[in-house]
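*Asks:* The structure that follows is given in the form of structure tokens.
Just so it is clear, none of the values below were taken in a lab; they were calculated from the coordinates. This is a predicted model, so every value here is computed, not measured. For neighbour counting, all protein chains shown are included, and Cβ atoms are generated from backbone atoms with ideal geometry for every residue, glycine included.
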Amino acid sequence: MDSPPAVVGMSAKDVDTPALVVDLDALDRNIAKMAGTAKSAGVRLRPHAKCFKSAPIAQLLLAKGAVGVCCQKVGEAEVMAAGGVGDILVTNEIWGRSKLERLAALGHTVQIRVCADDEQNLTDLSAVATAYGVVIDVLVEINVSGNLQCGVEAGAPAVELAKRITELAGLTFGGLQAYDGPAQHTRAYADRRDSVARAIDMAAKTKALLEAAGLRCERITGSGTGTYELEAASGVYTELQAGSYLFMDVDYSKNCAQDGGPYRDFEHSLFVLATVMSRPVPDAGILDAGIKSSSVDSGPPQIEGRPDLEWVGGGDEHAKFKSRTGSAFPFANGDKVRLVPGHCDPTVNLYDWFVGVRKGRVEAIWPIAARGLNR
């Protein structure tokens with residue numbers, strides 16, 4: 001791991017750059033808002049750790065009412081378990097003997113859950129669960145988006161897979177995963193609403209068929225930061241998996257709210273702190289935080305509070321910003337600026353540490369222990 005770019009107690013102005021900075025006040029407000037929504041709707045909250053990859057943040061969420069976390073990879077689940085999270089859902093299909101054995105081993109210390117959409121995968125899960133003497137809770141993932149997404153077809157095919165789970169040793173049927181991924185970044189509110197309505201309908205009909213077949217479906221899990229209120233109010237979903245609401249990013253801010261205005265349900269709390277390192281021309285500046293410091297897969301970062309400045313390229317270690325109007329670049333060499341990442345999840349994956357800042361001082365240094373764990 002890289003050494004921390006700051007120490008607790010120092011001024012936020014002295015944090016070395018590039019650094020991944022969290023505004024702790026904004027983070028607290030984001031956590032409280034989502035927790036309040038889930039509580040009011042009577043649904044469970046299971047935030048997705050692929051966003052934050054850090055056990056101290058998971059503990060903050062558990063303290064505010066989360067029932068556990070989601071993970072996308074076994075490695076993430078191992079880090080969360082080691083960090084004291086006792087209920088973990090791997091929202092993915094896991095293949096390969098070594099990864100399945102690691103998954104089963106977690107069952108000795110935590111409640112481990114996983115998704116499946118294939119009968120052979122169930123057979124493999126049963127074999128390792130039996131060998132390790134554990135019980136793995138398996139959710140049938142149904143494809144509710146109609147796109148190229150994981151999941152078995154909703155309805156009868158999902159019921160048949162659920163039946164198979166109940167027949168195999170070491171497995172229990174844990175419910176349905178029904179995550180509408182594409183809807184999260186669908187810009188128009190009406191289009192998001194309509195997409196989620198289809199997902200709700202498929203999940204409800206599948207649940208009815210399961211219960212008609214004598215199978216209890218106590219958990220329907222899914223949702224995300226872009227659609228959380230819709231699933232929470234559905235009366236069908238019992239659990240929310242949103243994660244990006246903790247931090248937000250440029251891409252989520254492009255969604256439209258119900259009134260057609262900008263999506264402002266949550267605040268930007270995650271920033272890449274960067275230093276202006278060169279002023280080659282009067283209307284532009286170069287920062288020391290390139291694409292190795294901020295993911296551009298969903299678009300470039302933006303300088304906080306400066307829509308008049310646009311990212312015009314860069315490289316591994318440089319980010320080039322230029323005035324949209326031709327006016328002078330407003331920062332001098334050596335000045336520090338905060339960048340809002342284009343996409344929070346892969347940006348977090350570039351760092352070893354969060355620097356938590358409150359009221360101008362560093363309050364916390366948190367390891368991002370699950371970064372880079374892709375297996």
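*Asks:* When the Cα centres of segment 232-292 and segment 206-226 are compared, how far apart do they sit, in Å?
*Replies:* Each part reduced to its Cα centre gives a spacing of 32 Å.
*Asks:* To test your reading of the geometry: what angle, between 0 and 90 degrees and rounded to tens, separates the Cα axis of helix 156-167 from the longest principal axis of the chain?
*Replies:* Approximately 70 degrees, to the nearest ten.
*Asks:* If I stretch the segment between Lys163 and Ala82 completely, what's the gain in nm (0.36 nm per residue apart, minus their alpha carbon distance), one decimal?
*Replies:* 25.9 nm
*Asks:* PRE reach from Asp308 (point 7 Å along Cα→Cβ): which of segment 261-283 fall under 16 Å by backbone N?
*Replies:* 282-283
*Asks:* How far is it, in nm, from the label point at Glu267 to the one at Ala213 when both lie 7 Å from their Cα along the line to the Cβ?
*Replies:* 4.7
*Asks:* Please state the shape class of segment 1-107: rounded when a/c is under 1.5, otherwise prolate if a/b exceeds b/c and oblate if not, all from the C-alpha gyration tensor.
*Replies:* Note, shape of segment 1-107 comes out oblate.
*Asks:* Which trypsin sites (Lys or Arg not before Pro) in segment 140-196 pass both tests, a DSSP loop state and at most 13 other beta-carbon atoms within 10 Å?
*Replies:* Listed in order of number, the matching sites are Arg187.
*Asks:* A further question follows. Would you please classify the overall shape of segment 231-324 from the alpha carbon gyration tensor, given that a ≥ b ≥ c denote the square roots of the eigenvalues, rounded means a/c under 1.5, and beyond that prolate means a/b larger than b/c while oblate covers the rest?
*Replies:* It is prolate, given that a/c is not under 1.5 and a/b is the larger ratio.
*Asks:* How would you rank Glu229, Glu211, going from fewest to most other Cβ atoms within 10 Å of each one's own Cβ?
*Replies:* Ordered by Cβ neighbours within 10 Å, fewest first: Glu211, Glu229.
*Asks:* Most mobile of Thr325, Thr37, Thr275 per a Gaussian network model of the chain (Cα springs, under 10 Å)?
*Replies:* Of Thr325, Thr37, Thr275, the Gaussian network model singles out Thr325 as fluctuating most.
*Asks:* Taking 0.36 nm per intervening residue step and subtracting the Cα-Cα distance, what contour gain separates Arg29 from Asp194 on full extension?
*Replies:* 56.5 nm
*Asks:* Which one, Ala332, Ala105, Ala32, has the greatest fluctuation when you compute a Gaussian network model over the chain with C-alpha springs under 10 angstrom?
*Replies:* With Cα springs under 10 Å in the chain, the top fluctuation among Ala332, Ala105, Ala32 is at Ala332.
*Asks:* Could you go through segment 293-303 in sequence order and give the Karplus-derived ³J(HN,Hα) for each residue, using 6.51 cos²θ - 1.76 cosθ + 1.60 with θ = phi - 60°, rounded to whole Hz, and x for Gly and Pro?
*Replies:* Along segment 293-303, the couplings run 10, 8, 5, 10, 5, 10, x, x, x, 10, 6 Hz.
*Asks:* As an exercise, take the mean of 1/r over every pair of distinct alpha carbons in the chain, invert it, and state the Kirkwood radius in angstroms.
*Replies:* Computed over the chain, the radius equals 21.7 Å.
*Asks:* At a Cα cut-off below 16 Å, give the lysines reachable from Lys207, other chains included and same-chain residues fewer than 8 away excluded.
*Replies:* Counting by Cα, and skipping residues close in sequence, Lys207 has these lysines nearby: Lys163.
*Asks:* With axes computed from alpha carbons, what is the tilt in degrees of helix 119-132 against the longest principal axis of the chain, rounded to the nearest 10 within 0 to 90?
*Replies:* Taking Cα atoms only, the helix is inclined about 90 degrees.
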